[in-house]
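Visitor: Please find one structure pasted underneath; my questions will follow.
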Amino acid sequence: MGGAIGMLCAAGRVEPRLQGRVRSLLLNDMAPQLAQSALDRIKAYAGQPPAFATVTALEGFFRQVYQPYGWLSDAQWRRLTETSTRRLPDGRVTPHYDPAMVQQFIHHPQDYLNWEHYDALDLPVLCLRGVDSDLVEREVVEAMRHRGPGARGQLQAVEIAGCGHAPALNVPDQWDLVTDFLRRSEAGEPLA
């Protein structure tokens, strides 16, 4: 959701006073058009989060559902679980987010069709796509290369091996992509 909100803000479509304040944008397995089958998958698990008797069982659920993030150490899985857990009144634990977030997909299904906003972006954009992503299709990234920032030479699109939606950005190779992009965009260097 952050990438979609970032596109809207950077394009100045939601709040015109924000245009120009965002100097570069990272889209982490996010694009101006998303695969409906992946949105349906997300709705299926996010709309009715399960409850578990133990945090360990919840961690097992996170390891399954968030496997597409790519490699995480056992300590990172534990930290993700500890920071994403909510205890229910009956003592069980569940993922800590508002399940009503899926209502956005149900009541406003076109909100994630953002070509108009993407095309209006005039800033450096780094689009990271998990090689195994079911949310961002390769054809969409290819279209991004010929529209908006891509047509102006302001898009760097990179596929991350061993990941789906979304790369966890937790290993040096992924950090280096992000820090190099930020350094080059701040310096006004071309994106290659």
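Visitor: Output the strands (runs of 3 or more DSSP E) that fall wholly within the stretch 25-142 and possess 1 or more residues being among the aliphatic types (A, V, I, L, M), or say none. Before the answer, list the steps.
Guide: Values: elements: 25-28, 85-87, 93-95, 125-130.
Correct list: 25-28, 93-95, 125-130.
Visitor: For the stretch 1-20, which residues satisfy the criterion of being of a type in the set (A, V, I, L, M, F, W, C), part of a helix (DSSP H, G or I) and in contact with a Leu (Cβ under 8 Å, 6 or more places away or on another chain)?
Guide: Hits for the stretch 1-20 are 7, 9, 10, 11.
Visitor: Next up: Give me the pairs: first residue in the stretch 64-86 and closer than 18 Å to residue 130 by Cα, second residue exposed (fewer than 13 other Cβ atoms within 10 Å of the Cβ), beta-carbon distance under 8 Å, and six or more apart or on different chains, which are they?
Guide: Between residues of the stretch 64-86 that are closer than 18 Å to residue 130 by Cα and residues that are exposed (fewer than 13 other Cβ atoms within 10 Å of the Cβ), there is no close pair.
Visitor: A further question on this structure: Between a residue in the stretch 149-169 that is farther than 18 Å from residue 131 by Cα and in the same structural domain as residue 124 (by TED's automatic domain parsing) and any residue that is in a loop (DSSP other than H, G, I, E, B) and of a type in the set (Asp, Glu), which pairs come within a Cβ distance under 8 Å, given they are 6 or more apart or on different chains?
Guide: 149/122; 152/122; 154/122
Visitor: Within the bounds of the stretch 13-32, is there any residue that is modelled with pLDDT of 95 or more, of a type in the set (Asp, Glu) and surrounded by 15 or more Cβ atoms within 10 Å (Cβ to Cβ)?
Guide: yes
Visitor: Between a residue in the stretch 1-24 that is closer than 24 Å to residue 108 by Cα and any residue that is among the acidic types (Asp, Glu) and part of a helix (DSSP H, G or I), which pairs come within a Cβ distance under 9 Å, given they are 6 or more apart or on different chains?
Guide: Every condition considered, the pairs that remain are 4/111; 11/116; 11/119; 13/116.
The values are calculated or read from the model by the stated rules, or taken from the named source; none is laboratory data. A quick note: this is a predicted structure, and the numbers were derived from the prediction, not measured. Here the Cβ is made from the backbone with ideal geometry for all residues, glycine too, and neighbour counts use every protein chain on show.
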